[in-house]
1. What share of all Cα pairs of the chain, in percent, falls into each consecutive 5 Å distance bin?
2. Under the rule of -39500 (n - 2.57) per DSSP H run of 4 or more residues, summed and divided by the residues of the chain, what mean residue ellipticity at 222 nm is obtained, to the nearest 500 deg cm²/dmol?
3. Take the Cα pairs of the range 34-102, get the Kirkwood Rh, then feed it into Stokes-Einstein at 37 °C and 0.692 mPa s and tell me D in µm²/s.
4. Can you figure out the FRET efficiency of Val99 with Phe26, using R₀ = 22 Å and their beta-carbon distance, to the nearest 0.05?
5. In the range 1-62, what is the volume of the convex hull around the alpha carbon atoms, normalised per residue and reported in Å³?
6. How far apart, in nm, are the 7 Å Cα→Cβ label points at Cys113 and Leu53?
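No value in this document is a laboratory result; all are computed from the given coordinates. If you're wondering where the values come from, they're calculated on a predicted model, not measured in any experiment. As a convention, Cβ positions derive from the backbone with ideal geometry for all residues, glycine included, and neighbour counts pool all protein chains shown.
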Amino acid sequence: AIAKKFYSKSAPTIPLEPYLFRLHRFCPLSTAVYLTASFYLHKLVMVEQLIELTPLTAHRLLLAALRVASKTIEDLQHAHARFAKVSGCSPEELRRLEVAFCYAMDFDLKVDCEMLEGQYMMLRGAVEGMATGR
């Protein structure tokens, strides 16, 4: 039932890549936050297959992963209201997504340098594979 929290009634009008660039432009995040968010998403979507990644879930999953990753590993975060405004959702909806994401992750949010390095290497391999057609 937790997966339902991430479904939109209709696909957002902004594609995922411009959405991500918008978030970064107005609320810049560190490389470590992006790696942590990708680690979380890989775990939920690929490893545990708890949530299906679709055009109806991608934006909300990404948003929640980035916000939770930021709060987990950074000392300073962007104000909640600002992050919500930039993301295009209400502060209440952002809070609900964060809570749902933490429950989906079973509150297992700790990451270390080794985990992030492994995530980086996996992503790098995927990008290199796409570039060479493998």
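1. 2, 10, 20, 24, 22, 14, 6, 2, 0
2. -19000 deg cm²/dmol
3. Diffusion coefficient, whole number: 268 µm²/s.
4. For R0 = 22 Å, the calculated efficiency reads 0.40.
5. 86
6. 2.8
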